[in-house]
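Chemist: Below you'll find the structure I mean.
FYI, it's all coordinate maths here, none of it is from the lab. Computed from a prediction, not measured in an experiment: that's the story for all the values here. Positions of Cβ are backbone-derived with ideal geometry, glycine not excepted, and every protein chain shown enters the neighbour counts.
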Amino acid sequence: MLKVAHITTGYGKKQVLTDVSFEIGKGEIVLLTGGNGSGKSTVLKTIYGLLKIWSAEGKIIFEGEDITALPTAQMLRKGIAYMPQKKNVFEEFTVEENLLTSANIYTTADAKERVKKVYETLPMLETLRKRTPFHLSGGEKQLLAFGCLLVHKPKLVLLDEPFAGVDSQNSEIIANSIADLKKENVTFIIVEHKKYLFENQIDKVIELELGIIKN
C-alpha cells in the first residue's frame, strides 16, 4: 500500500528525519510514537509532499506509484488525505462551506453528494452546518476537520493528533469512524498520545527517536 524509503528531511537547515524507511499494508492502522521533536509530524508532512525530501534515494511509493512531492490536489485525487493538528478549518466559513470548499476539486454535483455522505457518517455536523468554527467547541472543530478529510473518500489517512482538545463524546465519534473505515480497508497513519481511544485497532507501532526509527 505505502512504502516510505530512505527519507531524510527537515526545516531550513535543521535536519529532523534521517534515513526513515517503513512499509504499511492496506487497511492497517499505524501509530507513530516518540517524544517531542522526534519527527512524527514531519513524517506525515513529507508523505503528503509538504516537505521536500533531501536524500537523493528518498521516495514515497503509494500503490506501486512514485508519489514523491506530488501537489496536494493530486494527492487527494489518488486517495491520500492529511489532517494537521492546527489550522485545519476555515474559521470564517460555516461548517457546510468548509466541507464544500474541501470538496471543490470535484464537480459541484459530486461535491454536494460527498458532503451529504459526510453528514450521514457524522450526523452532528449536519446539525451544526450553519455555524462557523468560532461558535464550535474544540471537539466540534476537530470533528469538522475530520469531515473535511472524509469528503475525499480517502484510501490513506494521515492524522496529526486528531484527539487533541477533543471531549469524550466527539473523541468516541472520531474513534468509531476510524474503526468503521478500517473495516473498509482504509489505511491510517496516526500521531496521537491518547492511543487508548483506538488501541484495539492498531496494527503496527513505529517509534521515532531524534528523527530515526528505533528497532
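Chemist: Based on Cβ point charges of +1 for Lys and Arg and -1 for Asp and Glu, what charge dipole magnitude is obtained for region 84-197 about its Cα centre, in debye rounded to the nearest 20?
Modeler: 180
Chemist: Another question about this same structure. Please find, in a Gaussian network model of the chain (springs between Cα atoms separated by less than 10 Å), the residue of Thr72, Thr108, Thr46 whose mean-square fluctuation is greatest.
Modeler: Of Thr72, Thr108, Thr46, the most mobile in the Gaussian network model is Thr108.
Chemist: Scan region 70-100 for GluC sites (Glu not before Pro) in coil per DSSP, keeping those whose Cβ has at most 12 other Cβ atoms within 10 Å, and list them by number.
Modeler: Those that pass, being in a loop and sparsely packed, are Glu91, Glu92.
Chemist: Name the trypsin sites (Lys or Arg not before Pro) in region 11-61 that are in a loop by DSSP and that have at most 11 other C-beta atoms within 10 Å, would you?
Modeler: Numbers: sites: Lys13, Lys14, Lys26, Lys40, Lys45, Lys52, Lys59; in loops: Lys13, Lys26, Lys52.
Here the sparse-neighbourhood loop sites are Lys13, Lys52.
Chemist: Using R₀ = 30 Å, calculate the FRET efficiency as 1/(1 + (r/R₀)^6) where r is the Cβ-Cβ separation of Lys204 and Thr121; round to 0.05.
Modeler: Working: r = 25 Å, r/R0 = 0.84.
Efficiency at R0 = 30 Å is approximately 0.75.
Chemist: Let me ask you something else. Can you give me the C-alpha center-to-center distance between region 115-129 and region 138-152, rounded to a whole angstrom?
Modeler: Region 115-129 and region 138-152 have Cα centres separated by 10 Å.
Chemist: Quick one: which residues, 5+ away or cross-chain, put their amide H under 5 Å from the amide H of Thr68? H built at 1.01 Å from N.
Modeler: Distant-sequence amide H within range of Thr68: Ile60.
Chemist: Using a cut-off of 16 Å between alpha-carbon atoms, which aspartates and glutamates can reach Lys182, once sequence neighbours fewer than 8 places away in the same chain are excluded?
Modeler: Counting by Cα, and skipping residues close in sequence, Lys182 has these aspartates and glutamates nearby: Glu28, Glu172, Glu199, Asp203.
Chemist: Students often get this wrong, so check it: of Lys14/Lys153; Lys40/Lys130; Lys45/Lys153; Lys153/Lys194, which have C-alpha atoms separated by over 28 Å?
Modeler: Check vs 28 Å cut-off fails for Lys14/Lys153; Lys40/Lys130.
Chemist: For region 73-193, rounded, prolate or oblate, judged on the Cα gyration tensor with a ≥ b ≥ c (square roots of eigenvalues), a/c < 1.5 rounded, else prolate if a/b > b/c?
Modeler: rounded
Chemist: Then there is this: Return the ratio Rg/(2.2 N^0.38 Å) for the chain, where Rg is computed over Cα atoms only. Could the numbers behind the result be given before it?
Modeler: Values: Rg = 16.8 Å, N = 215, 2.2 N^0.38 = 16.9 Å.
Dividing the Cα Rg of the chain by 2.2 N^0.38 Å gives 0.99.
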